[in-house]
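The values are calculated or read from the model by the stated rules, or taken from the named source; none is laboratory data. No experiment lies behind these values; they were computed from the predicted model shown. Counting neighbours? That spans all protein chains shown, and the Cβs are built from the backbone with ideal geometry, glycine included.
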Amino acid sequence: MFDYMKYMRQDKLPLIWCAGCGDGIVLKSMLRAIDKIGLDQNEVCMVSGIGCSSRLTGYVDFNTLHTTHGRAIPFATGVKMAKPELTVIVVTGDGDATAIGGNHYIHAARRNIDITVILFNNNIYGMTGGQVSPTTPIGKKASTAPFGNPENSFNISGLAEAAGASFVARGTVHDAIPLEKYIEKAIRKKGFSVVEVMTPCPTAYGRRNKLGNGAAMIKQLKEDTVPLSRAQKMSDEELQDKIITGVLVDVERPEYTDNYQKLIERFKG
Amino acid sequence: MNGNTTKNDDVSIVLGGAAGQGIQTVEQLLVHLFKASGYHLYATKEYMSRVRGGSNSTELRVSSKPVRAFVNRMDFLIPLDKDVLKRLNSRITDDTVIIGDKKKLLGKNGDESLDIIDIPLSDLSKEIGGAIYSNILIVGALTAIFNIDQELLHNQLQASFGAKGEDIVAKNIKAAKIGYGYGQELASTGKVKVNVTKGQKVEKQIVIDGSHAVGLGAIAGGCNFIATYPMSPSTAVLTFLAQQGERFNIIAEQTEDEIAGMNMALGASYAGARAMVTTSGGGYALMVEALSLAGAAELPLVVHLAQRPGPATGLPTRSEQGDLLFALYSGHGEFPRIIYAPGSLLDAFELSQKAFNMAEKYQVPVFLLTDQYFVDSYYNIPKIDVSKYKNENYIIKAEKGYKRYEVTENGVSPRSIPGYGPEVVIADSHEHDEEGHISEDHDNRIRMVDKRLRKQGALLTDAIPPLREGPDNAANLVVCWGSTYQIVQEAINNLGRDDVALLYFRQVYPFPSNTLDYFRNAKNVIVIENNATGQFAQMLHLFPHIEVHQNILKYNGLPFSVEEVEKELNQKLK
């Protein structure tokens, strides 16, 4: 049995997450990945924003920073620039990273700074009462979209890819073993890495849209999942409303702190 | 002690439990039932920043006469778990009647000195179908104690749970009946007794909270555009206007962040919409850049700023009046503004309605400064006669030769909107000339600055004077603003002294020209504020040059209670 407690601030338990929330599965997958890489707890710096997923940093025994809403990525960028030897991991949600923090998200990808972003995508603002997020599917209800969301939603993995991220993977909390592998690869990758994790929010999203409890929503994730290898043989119509999982991007690109170091060395002569 | 307790005609009931235990459902049910039964009522809540767990509570006051303020006193305490007893311990007195599941609350190591009237909620609710029915058992018991018509209760349960199916409704009604039985027994044995009288008038009144009062006022003021980013405790105004969008033609947009929200609202305003944003401190910090654009482009805008304790994320679900000076000085550059701070629900409605008209009339940003305590507090008020409130239209057609920023005597230039009339309408964030074109001419700069600042003087003609209550020659003058008003008012009434007057400011900036008159006879000026630095007292000193003798400040994240203000005043009155 894996010893999760080694990484937990046990006096802060229990977790605040609701029954049926998938965030705990992501937390555990992340801890296993970190353990596998063999990182010293003090070599890791974990930064989060505001929201349910961002509360994670309160429970784990690393160097942690719980910042303001949307600002985890710029904060983490500052940490990485000042101390490039740290493994910097950002824990954030769909609203935190792609609404209020959307600009930071794409610019960090463009810089290709060596940060790993674990993005919990639950399609809603859970903590503040079910407001619409940039990944709430069109037509679905939210407290601020009571007649159904009239807006198109983001493909947030695609966004990271287009903006220049070195590594992008998408997983779901139904498949915790692949998820652990994606996180491990993302942390090992030199460059901006994103793991988008589809995770259910039965309280603020499922209930309002009559999607059942957490278990039912996780089952639905399984049904909607199409691995990348299979998706490549399918048409756009067939892939409508599907979740394509796997390593979507894994390329070598110059990394920002490296570039910066080179610049310093050049001017030092 | 609990043995034989007769309660008076103003009863405070505190319900506490973890998030997710259904306290809000109970609150909503009881608010409706008490009101429909003809009782005056007041409700406020305090809660932790989390979806599940933690420890939250709601205070309900049920009274024979109007009640509108938070009291520390707990006549009844209904804890759904042990944490509540621990957290609210300092408010429990010998007169507090505690009703709950004795076994669950006391457990193994419970405080045996606490006298708890037992209703075995866990066992009963399990029999009915699950722990969640504890709530309705409690509602049933309270309706017996307060002599509430059971048909009313059952109809309300049908309305609340009908969508979940007949089985759920039946279980809720069963729980209500069992709870009623327990309540009746308590009442008949004289263990608990209340003496609150019902009135016909209340039944026809409405019960709203601060968010709804602001939202309804916005609708009455013609608001048809809101773009904002969610932030506690301000979001309920967005949610409400989004829900009402269909009925009142309001565009409600949840943006990617507050920067976008504020700029969108300004774009809509430029195009002729009556636009608003609703936010709290941190979100407003992001909007500040765009506020300055409103100042330069002279665009009408209403900002609902629901304050919560900072700095930074602070206490997200708590209350403070800490952003007054922030609102006053926000935005780079010098430009006029109006700041309202409602202290009652009717004021919130009226000021919100007026804010839209003042924004249009003077082409300035108008602030509505509330806080968590204010937006989350409910009470009954008479129905509002909306026909009394008129909206004025200040938009004119842009005829040939129209100048958007024409220099006028009072600084207000005739405002047109794009597409209305043959001439174009120009706006620029740069300094501009009368037509709206960029200008670096220094004489023009002076003309434009002076023109904009003349509006600050002009809008004084519409200034709302402070409200003074109490004898004219009172030596003690207690000053408050915004959400503390009705708390301070009740405290002063309780003191019953003839040498104390209350002065309540609902327009906190700019100060009306005759402000000094209200202070003439005062020998001891005491300013009460829910912040740490006495921000309004600083403003009184700076603008109308009033000497403040003493401050009463609170900044632990909670509102003042009536008792606290009484105690503080007893020490500070002369």
task = For the range B:329-366, enumerate the residues that are out of contact with any strand residue (DSSP E or B) (no Cβ under 6 Å at 6 or more places or on another chain) and more than 19 Å from B:Asn391 (Cα to Cα).
result = B:Tyr329, B:Ser330, B:Gly331, B:His332, B:Gly333, B:Glu334, B:Phe335, B:Pro336, B:Pro342, B:Ser344
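Provide a single number: the residues in the range B:559-574 that are assigned to a loop (DSSP other than H, G, I, E, B) and either of a type in the set (D, E, K, R) or within 18 Å of B:Gln535 (Cβ to Cβ) (or both). Steps first, answer last, please.
So the first thing to find is which residues in the range B:559-574 are assigned to a loop (DSSP other than H, G, I, E, B), and the list is B:559-561, B:573-574.
From what is left, the residues that are either of a type in the set (D, E, K, R) or within 18 Å of B:Gln535 (Cβ to Cβ) (or both) are B:559-560, B:574.
Here the count works out to 3.
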ask   = For the subset of the range B:187-235 comprising residues that are within 14 Å of chain A (Cβ to nearest Cβ) and aliphatic (A, V, I, L, M), which member is surrounded by the most Cβ atoms within 10 Å (Cβ to Cβ)?
value = B:Ile226
request  = Answer yes or no as to whether A:Gly171 is within 10 Å of chain B (Cβ to nearest Cβ) and surrounded by 20 or more Cβ atoms within 10 Å (Cβ to Cβ).
outcome  = no
inquiry  = Can you confirm whether B:Val302 is crowded, with 22+ Cβ neighbours inside 10 Å, in contact with a His (Cβ under 9 Å, 6 or more places away or on another chain) and either of a type outside the set (Ser, Thr, Tyr) or modelled with pLDDT under 95 (or both)?
reply    = no
task = State whether one or more residues within the range B:269-278 are within 14 Å of chain A (Cβ to nearest Cβ) and modelled with pLDDT of 95 or more.
result = yes
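Taking the range B:241-251, which residues are facing another protein chain (nearest Cβ under 10 Å) and either surrounded by fewer than 23 Cβ atoms within 10 Å (Cβ to Cβ) or touching a His at 6+ places or on another chain (Cβ under 9 Å) (or both)?
B:Gln243, B:Gln244, B:Gly245, B:Glu246
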ask   = Does any residue of the range A:169-177 turn out to be part of a strand (DSSP E or B) and basic (Lys, Arg)?
value = yes
ask   = Residues in the range A:209-227 that are in a helix (DSSP H, G or I) and out of contact with any strand residue (DSSP E or B) (no Cβ under 7 Å at 6 or more places or on another chain): how many?
value = 9
message = With the requirement that a residue be surrounded by fewer than 24 Cβ atoms within 10 Å (Cβ to Cβ) and either among the small types (Gly, Ala, Ser) or in a loop (DSSP other than H, G, I, E, B) (or both), what does the range B:252-273 give you?
response = B:Ala252, B:Thr255, B:Glu256, B:Asp257, B:Ala260, B:Gly267, B:Ala268, B:Ala271, B:Gly272, B:Ala273
note = If we keep only residues of the range B:414-436 that are under 22 Å from B:His332 (Cβ atoms) and not hydrophobic (A, V, I, L, M, F, W, C), then the residue surrounded by the fewest Cβ atoms within 10 Å (Cβ to Cβ) is B:His430
request  = Pairs only if they're at least six apart or on different chains, beta carbon under 9 angstrom, first in the range A:228-257 and closer than 24 Å to A:Asn122 by Cα and assigned to a loop (DSSP other than H, G, I, E, B), second polar (S, T, N, Q) and at pLDDT below 95; list them, first residue then second.
outcome  = none
note = The residue that is nearest to the chain's Cα centre (by Cα), considering only those in the range B:46-78 that are surrounded by fewer than 21 Cβ atoms within 10 Å (Cβ to Cβ) and within 14 Å of chain A (Cβ to nearest Cβ), is B:Tyr47
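Which one of these is in contact with a Ser or Thr (Cβ under 6 Å, 6 or more places away or on another chain) and among the small types (Gly, Ala, Ser): B:Ala275, B:Ala268, B:Ala285? Before the answer, list the steps.
Values: B:Ala268 fails: in contact with a Ser or Thr (Cβ under 6 Å, 6 or more places away or on another chain); B:Ala285 fails: in contact with a Ser or Thr (Cβ under 6 Å, 6 or more places away or on another chain).
Checking each option against the conditions leaves just B:Ala275.
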key: Meets criteria (touching a Gly at 6+ places or on another chain (Cβ under 6 Å), in the same structural domain as B:Gly17 (by TED's automatic domain parsing) and more than 21 Å from B:Ile178 (Cβ to Cβ)) for B:Val84   = yes
ask   = If you check every pair at least six apart or on different chains, which have Cβ atoms under 7 Å apart with a residue in the range B:152-180 that is within 16 Å of B:Leu124 (Cβ to Cβ) first and a residue that is assigned to a loop (DSSP other than H, G, I, E, B) second?
value = B:Lys171/B:Gly129
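Considering only the range A:89-96, I want to know if a residue exists there that is within 21 Å of A:Glu161 (Cα to Cα), surrounded by fewer than 20 Cβ atoms within 10 Å (Cβ to Cβ) and within 13 Å of another protein chain (Cβ to nearest Cβ). Walk me through it before giving the result.
We begin by selecting, within the range A:89-96, every residue within 21 Å of A:Glu161 (Cα to Cα); these are A:89-96.
Going one step further and asking which of them are surrounded by fewer than 20 Cβ atoms within 10 Å (Cβ to Cβ), we end up with none.
No, the range A:89-96 contains no residue that is within 21 Å of A:Glu161 (Cα to Cα), surrounded by fewer than 20 Cβ atoms within 10 Å (Cβ to Cβ) and within 13 Å of another protein chain (Cβ to nearest Cβ).
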ask   = Just checking, which of B:Gly107, B:Gly38 is more than 14 Å from every other protein chain (Cβ to nearest Cβ) and over 30 Å from B:Gln200 (Cα atoms)?
value = B:Gly107
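Of A:Cys18, A:Cys52, which residue is of a type outside the set (D, E, K, R), within 14 Å of chain B (Cβ to nearest Cβ) and buried (at least 24 other Cβ atoms within 10 Å of the Cβ)? Let's see the steps before the verdict.
Numbers: A:Cys18 fails: buried (at least 24 other Cβ atoms within 10 Å of the Cβ).
Within the list A:Cys18, A:Cys52, the selection yields A:Cys52.
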The range A:21-49, subset away from chain B (no Cβ under 14 Å) and of a type in the set (S, T, N, Q), residue nearest to A:Gly206 (Cα to Cα) = A:Ser29
message = Consider the range B:543-574. How many of its residues are polar (S, T, N, Q) and in contact (Cβ under 8 Å) with a residue 40 or more places away in the chain?
response = 2
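Within the bounds of the range B:116-139, is there any residue that is more than 28 Å from B:Val169 (Cα to Cα) and of a type outside the set (S, T, N, Q)? Walk me through it before giving the result.
So the first thing to find is which residues in the range B:116-139 are more than 28 Å from B:Val169 (Cα to Cα), and the list is B:116.
Retained after the next criterion (residues that are of a type outside the set (S, T, N, Q)): B:116.
Yes, the range B:116-139 contains a residue that is more than 28 Å from B:Val169 (Cα to Cα) and of a type outside the set (S, T, N, Q).
Somewhere in the range A:228-240, is a residue under 20 Å from the mean Cα position of the chain (by Cα), at pLDDT 95 or above and more than 14 Å from chain B (Cβ to nearest Cβ)?
First, pick out the residues of the range A:228-240 that are under 20 Å from the mean Cα position of the chain (by Cα): A:228.
Within this subset, residues satisfying the condition of being at pLDDT 95 or above are A:228.
Now drop any that are not more than 14 Å from chain B (Cβ to nearest Cβ), which leaves A:228.
Scanning the range A:228-240, I find at least one residue that is under 20 Å from the mean Cα position of the chain (by Cα), at pLDDT 95 or above and more than 14 Å from chain B (Cβ to nearest Cβ), so the answer is yes.
For the range A:197-205, does any single residue satisfy the condition of being within 25 Å of A:Ser143 (Cβ to Cβ), among the small types (Gly, Ala, Ser), in contact with a Pro (Cβ under 8 Å, 6 or more places away or on another chain) and within 14 Å of chain B (Cβ to nearest Cβ)?
Taking the range A:197-205 first, the residues within 25 Å of A:Ser143 (Cβ to Cβ) are A:197-205.
Keeping just the survivors that are among the small types (Gly, Ala, Ser) gives A:204.
From what is left, the residues that are in contact with a Pro (Cβ under 8 Å, 6 or more places away or on another chain) are none.
No - not one qualifying residue is present in the range A:197-205.
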ask   = Is it the case that some residue within the range B:347-366 is assigned by TED's automatic domain parsing to the domain that holds B:Leu266, modelled with pLDDT of 95 or more, in a loop (DSSP other than H, G, I, E, B) and not hydrophobic (A, V, I, L, M, F, W, C)?
value = yes
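Does the range A:111-141 hold any residues that are within 8 Å of chain B (Cβ to nearest Cβ) and either assigned to a loop (DSSP other than H, G, I, E, B) or touching a residue at least 40 places away in the same chain (Cβ under 8 Å) (or both), and which are they?
Filtering the range A:111-141 down to residues within 8 Å of chain B (Cβ to nearest Cβ) leaves A:125-129, A:131-132, A:134.
Selection gives A:Tyr125, A:Gly126, A:Met127, A:Thr128, A:Gly129, A:Val132, A:Pro134.
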